[in-house]
Amino acid sequence: MDWLTVLSSVPQGYVLGPLLFLIFINDLEYGVMNWILKFADDMKIFGKISTDMDIVRLQEELDKSLD
């Protein structure tokens, strides 16, 4: 994975920053079959692993979150 240049942002301390962040992360869990835990500016994807296929599915969802 290569580094990308960020072309837009919200300045730190900007009044609309928290609202824009919430709008951005609000729909991140759509299409994810495992559990998601969101707190402040952090998100965890986790699930129960019973078979090798569960490992593959969890890894695929983690990889999707990087796109």
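Restricting segment 1-62 to chymotrypsin sites (Phe, Trp or Tyr not before Pro) that sit in a DSSP loop and have at most 12 other Cβ atoms within 10 Å of their own Cβ leaves TRP3, TYR14, TYR30. Short-range pairs are left out: with C-alpha atoms under 8 Å and at least six residues apart, the relative contact order of segment 17-66 is 23 percent. Here each label is just a point 7 Å from Cα along the line to Cβ, and for GLN12 and LEU62 those points are 2.8 nm apart.
Please check: in the Gaussian network model of the chain (C-alpha springs, under 10 Å), which one of GLY47, GLY13, GLY31 has the largest mean-square fluctuation. Among GLY47, GLY13, GLY31, the largest GNM mean-square fluctuation belongs to GLY13.
For MET43, nonlocal amide neighbours, meaning residues 5 or more places apart or on other chains whose placed amide H falls under 5 Å from its own, do not occur. Taking trypsin sites (Lys or Arg not before Pro) across the chain, the ones in a DSSP loop with at most 14 further Cβ atoms lying within 10 angstrom of their Cβ are LYS48. Taking the C-alpha atoms only, the angle from helix 52-66 to the longest principal axis of the chain is near 10 degrees. With a cut-off of 18 Å on the backbone N, the residues of segment 46-61 near the modelled label site 7 Å out from ILE36 along Cα-Cβ are 46-48, 57-61.
No value in this document is a laboratory result; all are computed from the given coordinates. Worth saying up front: this structure is predicted, and the values here are computed from it rather than measured. Neighbour counts are summed over all protein chains in view; Cβ atoms, including those assigned to glycine, are modelled from backbone coordinates with ideal geometry.
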